[in-house]
Structure formats: C-alpha cells, structure tokens
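Undergrad: I have a structure I would like to understand better, so I am pasting it below and will then ask my questions one at a time.
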Amino acid sequence: MKCTFCGGPLTLKDEKCPYCGAPNPDILKHRSDMKHYQSEFKKTQDDVYTTTHKFTSFSVRTSIIAFLVILNVAALILIGSAWPIYKSVTKSTLHKNEAVHKKAMDDLIKDEKYIELNAYFNSNNLYLGDEFDTYTAITRVSDSYNSIFNSINSMINPELSSSWSPRYLVSSLSSYYETISGEYFLYEGKYLNEHFAALDDIDQKIQLLLTSFCKLTKEDLSTLPNLSANGIQDLLERRLDIHEEETN
C-alpha cells in the first residue's frame, strides 16, 4: 500500500508514513477488523467448548446408564441361571454318591440317631436328589421330633431360652401330627416299609417326652392327634398349670 499524502510505500505495521509522517488510515481499520475477528473467534470458541462439554457430559452419562443397564441385565440372567446350574451340579454329585448317603442314613436310623438323621439329610441337600425321596417321610418326622425335643428342653431349662412359650411346643406337635397323617404317607415313594419301625420308635420317644415333662396322661396322648392347635395349647396349659398372658 502507499501513503495517500506522499505516495511513499507503507505496510500494515506502519502507524505513520516513514517519509512524510502522515497517519496511516489503513492501520486503524486493520486493528478494528482484527479486534472484531478476535472477538468473534473467542465467542465461537467458547460456544464450541460449551457445546462439546454438554455433549461429552451427556454422552458420558448415557454411556454409564447404558453400562449399568447392561450390567443389571447380565446380573439378572446370571442369578436366574445360578440356581438351575447349582441344582444340576448338586444332583449329579448326589447321584454319584447315592450309595454312600443311603448307607450313612441307614446307619443313623439303625442307631436311632434321628436328630442327626435330619441334620445329615438337610446339610447334604439330599432333598434335591430323586434317589432319596424314600427318606422324605422319616427325615420330616425326625425334624418334628427335633423341634419337640428342643422345645421341651427349653421349657425345663429356662436358661436356654428366656422367651419360651407353649406356642413353640404346640407348633412342633401340630407339625408332627400333620406329617404322620399327611401327604408324606399318602403318596407312594415317600417312605420305605423298613422305616415303619423307626417311625414307631420316634412316636414312642415323643410320647415319653410328653408324659415325663408335660404331665400328659395316656388318655391325653390318644386324643392329642385329633386336637386343633388351640386344643393342644389348652391341654398343655392345663397339665402344666400355666397360662400365657394375652398380648395386644
């Protein structure tokens, strides 16, 4: 460019003409344009940063939510399939050890260790194996015997349970009588004829507990299986000379 006054050569950096000293009008316009461009550039840059940040934050949140959803779905699938897998593996193991488990239970029955029998059956998950269905009745009755024994033991030894109530014994007796007259003896395959002697032995042990510690008579024992839960509780309270206070 040239000076408009003397015609001397000028550059955009020259505020004045180096020849005549006249102001360079183009430099002022150049600086004004540069400030405008810089301002516009800064505004555009800020807009880009803001938009990018919002998009990035949204994308991150969306990605996290999507990941959590996928994780939860995977967990549900895993949980849903865990039990069938565990059951299948357990049943396979039980089948391989069928003879061992049956011999162990037969020995416990022979030795009249009925409480241990129930514990063995449940702790080894034998209820999952179809091979052990014939032990269902004897182990169920053993469980009731265990509950009755523990309830009476807590009654005569208050230090074992400060919150003992006749209702605990009533519940155990009701469960026992429901079992020996219920489905476990109505459907084939739930018991073995060889177990009848053990079942009778358990019944005799329960009767001995009731006559020795609950003061029940032979007549009481004969009517007990036909009583309702309330009837059993009323009988026990009269024989033990106790009455449970009603609570609101």
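The values are calculated or read from the model by the stated rules, or taken from the named source; none is laboratory data. All of these numbers come straight from a predicted model, not from anything done at the bench. Cβ: placed from backbone, ideal geometry, glycine included. Neighbour counts: every protein chain shown.
Undergrad: Which residue pairs have Cβ atoms under 7 Å apart, sit 6 or more places apart or on different chains, and have a first residue in the range 98-117 that is farther than 18 Å from ILE206 by Cβ and assigned to a helix (DSSP H, G or I) and a second that is modelled with pLDDT of 95 or more and not small (Gly, Ala, Ser)?
TA: Listed by first residue and then by second, the contacts come to nothing, as the list is empty.
Undergrad: With SER172, SER161 as the choices, which residue is at pLDDT below 90, within 19 Å of PHE213 (Cβ to Cβ) and within 30 Å of the chain's Cα centre (by Cα)?
TA: The conditions single out SER161.
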